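Values quoted throughout were computed directly from the atomic coordinates according to the rules given, and no laboratory measurement underlies them. Computed from a prediction, not measured in an experiment: that's the story for all the values here. Cβ placement follows ideal geometry from the backbone for every residue including glycine, while neighbour counts extend to all protein chains displayed.
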Amino acid sequence: MNKWGYRLVICLCVLGIGIQLYPFVKQYAARQAMQAEIASFNEKKDSLQTDALYEEMKVYNETIYKQKQSGLVDAFSYSQNPFTFTQFKDHRIGYVKIDKLGLKVPLYMGASYENLNKGVAVLSQTSAPIGGENTNCVIAGHRGGTNGEQLFKHIEKLEKGDEIEVINPWETLTYVVTHKIVIDPNDIEAIKIIPKQDMVTLFSCHPYAINSHRYVVYAQRKGQQKEIEYPEGIEYESSTKEIEKEESI
């Protein structure tokens, strides 16, 4: 084999290694970008801690509850009305931390295509993430990371009693997982506010890597858990085995 043949073989080997490493490099880069967003939020959150913004979000939460969340649509339809807080220009409102999943990810206001590719996002016409009675902050996240990062990939691992922390500019709100179901994408009633409750609901696709249904995890404010009637879901098969098989390759 002449020197050009050797060079070609070396180039093909390097290319093959690069192709194999690309998903890991992309995932690492996405993770670093998210952690940088969280660090940036922590540096700037003091400037967001205004009474005007908090009051505006509180009024918004009360208004959508009274209006029965008119206009609420599936997160992954990308057809929601945007949030329009006059005291808030940045989409980033904090971050979500779930120790059970080893997850710490930026939280944005509005489940737009852009926001869902950078982190997780609050659906418009659901409650702003400040807590309070008659609230349910629905947080959507991709199950398979379109930008290399896996966000709610392991959402099925969450069990009753696991904690979800929502860090906003004012405080850390802790919620406890109480129930899980799978729903059809258009079953909007299943993610609406439950009267007198203070809740966070995680929302993602199911089955894994398929966009046919939605996986829903309900969580109540820690110390305020009550036995309540949840919406009924549909029968489904777990994606755990498929994910474990993928990760073992």
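Remarks
- A cut-off under 9 angstrom between Cβ atoms defines the neighbours of Glu37, and their net charge, with Lys, Arg +1 and Asp, Glu -1, is +2.
- Bins of 10 Å from zero: percent of alpha-carbon pairs in segment 70-209: 12, 46, 37, 4
- Residue with peak Gaussian network fluctuation, the chain [Cα springs, cutoff 10 Å], from Tyr208, Tyr236, Tyr218: Tyr236
- Computed over the chain: relative contact order in percent, which uses C-alpha pairs under 8 Å that are six or more apart: 16
- Here the gap between Glu232 and Glu163, fully extended at 0.36 nm per residue and compared with their Cα-Cα distance, gives a gain of 22.6 nm.
- Projected over all directions and averaged, the alpha-carbon convex hull of the chain occupies 16.2 nm².
- Residue among Asp198, Asp90, Asp184 with the largest mean-square fluctuation in a Gaussian network model of the chain, springs linking Cα atoms under 10 Å: Asp90
- Between 0 and 90°, nearest 10: helix 3-48 axis offset from the chain longest Cα axis: 20
- Cα-centred dipole magnitude for the chain, charges only on beta-carbon of K, R (+1) and D, E (-1), debye, nearest 20: 840
- In this structure, the residue pairs whose Cα-Cα separation is over 26 Å, taken from Lys44/Lys153; Lys157/Lys196; Lys196/Lys222, are Lys44/Lys153; Lys157/Lys196.
- Interchain or long-range residues, amide H under 5 Å from His179's placed H: Tyr218
- Mean residue ellipticity at 222 nm, helices only, the chain: -10500 deg cm²/dmol; runs of at least 4 DSSP H residues each add -39,500 (n - 2.57), and the sum is divided by the number of residues.
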